[in-house]
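Working notes, structure below.
The values are calculated or read from the model by the stated rules, or taken from the named source; none is laboratory data. On a predicted model such as this, the values are computed, not experimentally measured, just so you know. Heads up, the Cβs are rebuilt from the backbone with ideal geometry, glycines too, and the neighbour counts pull from every protein chain shown.
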Amino acid sequence: MIFQRALQRELVSTAGAVFTTLFTITITVMLIRILGQAAGGTVASADVVQLISFSALNYLPIILILTGFIAVQLVVSRWYRDSEMVVWFASGLSLTRWIRPILGFGVPIILLTAVLSFMVTPWANRQSAEFRERFEKREDISRVSPGKFQESASANRIFFVEGLSGDLSHVQNVFVNTIKDGRNSVVVAKEGTIEIDDRGDKFLVMRKGRRYEGVPSMPDFRLMEFERYSVLVTANTQAVVGDKTARSLPINALLADRSATNMGEVLWRISLPVMGALLMLLAVPLSFVNPRAGRSANLIIALLLFVTYSNMVSFFQALVVQSKLPFGIAWWPIHLIALLLIAVLFSWRLNVNSRFHPSVIWSRCKHAKAGVDTAARVSP
């Protein structure tokens, strides 16, 4: 009991430090990326915090899996490095006695990963897509920054305004370049306002301006002055559809429509909590460290195994999406391989005195080579 309480405290504190580090790095990268999108006019500046939150929820299952894996790896490696495992084995206790407390530590992480994978992450993807789509379909004038050329959502119109009023309904010194049916028209006006007609369509009504249509050197070029000129900004029929791809659908919708794409998404969501549990068990035998050597090599190997495991899950998901492999066959082989690897590594660590153990074989080879070298020096 004392061992389990001490181990739980150390695992929790280490996991907290690892999670904080990984989450901070992720948030920083997403903050830079989304701020760049906001500066480029791809997303609204007011939506940056919400988009970062949705992106964080999307990456949170992977962060939790890595947190559990690295925390177990670091704690068990420290026990080896500080020779506490020597005392453990000298007391007649087996390495398998670590499985129960490790799983006790990992169950909340696995359950939280499952909840995030099956419910929270799809919701976050839908919300993120709706925020982005709502910004794309909002009126073009509200997307314009003063003193900056801005393309419309339909990509056929470019706006430039010198100033905006506080409620974004009035603009001063407006320039609009429109391409329609292969013809180019330019409208400049001293001021403009946003008006809504009876159907709910929004128009930019410009006053005291000029309209240039066509190429000046061509005979069909026209120059018109106007007191009032209206440009359709957005139609009331534009509704926010949101993300309808498999990664944003709830699990019941995926199972109701068992297409190849949907079943590939189901495979990925199932694999996340399973991968989290197996990686924490894999970290126990993988954490062996010679107290007289460093532990960097083991940590690098552990990260490479995580990357390989994750990529193999993505590979099998792609096979299901491409209809090259049925879901019933694709979802379990990679996890079975990981389970067999865990069993092999545990057996390796438990039978360190076996004559078939790699370290024993390596020691015999070194002694045999040393004997041959000694015989060669002694013989005339």
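Summary table
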item: Sole residue being of a type in the set (D, E, K, R), modelled with pLDDT under 80 and in the same structural domain as VAL75 (by TED's automatic domain parsing), chosen from ARG258, ARG295; result: ARG295
item: Cβ pairs under 6 Å, 6+ apart, first in segment 16-38 and at negative phi, second small (Gly, Ala, Ser) and crowded, with 16+ Cβ neighbours inside 10 Å; result: VAL18/ALA71; MET30/SER55
item: Failed item in (1) assigned to a helix (DSSP H, G or I); (2) in contact with a helix residue (DSSP H, G or I) (Cβ under 8 Å, 6 or more places away or on another chain); (3) more than 27 Å from LEU281 (Cβ to Cβ), with VAL43 passing the rest; result: (1)
item: Candidate set from segment 1-20 (those that are among the polar types (S, T, N, Q) and surrounded by 13 or more Cβ atoms within 10 Å (Cβ to Cβ)); member that is nearest to ARG100 (Cα to Cα); result: GLN4
item: Meets criteria (surrounded by 15 or more Cβ atoms within 10 Å (Cβ to Cβ), in a strand (DSSP E or B) and modelled with pLDDT under 75) for ILE194; result: yes
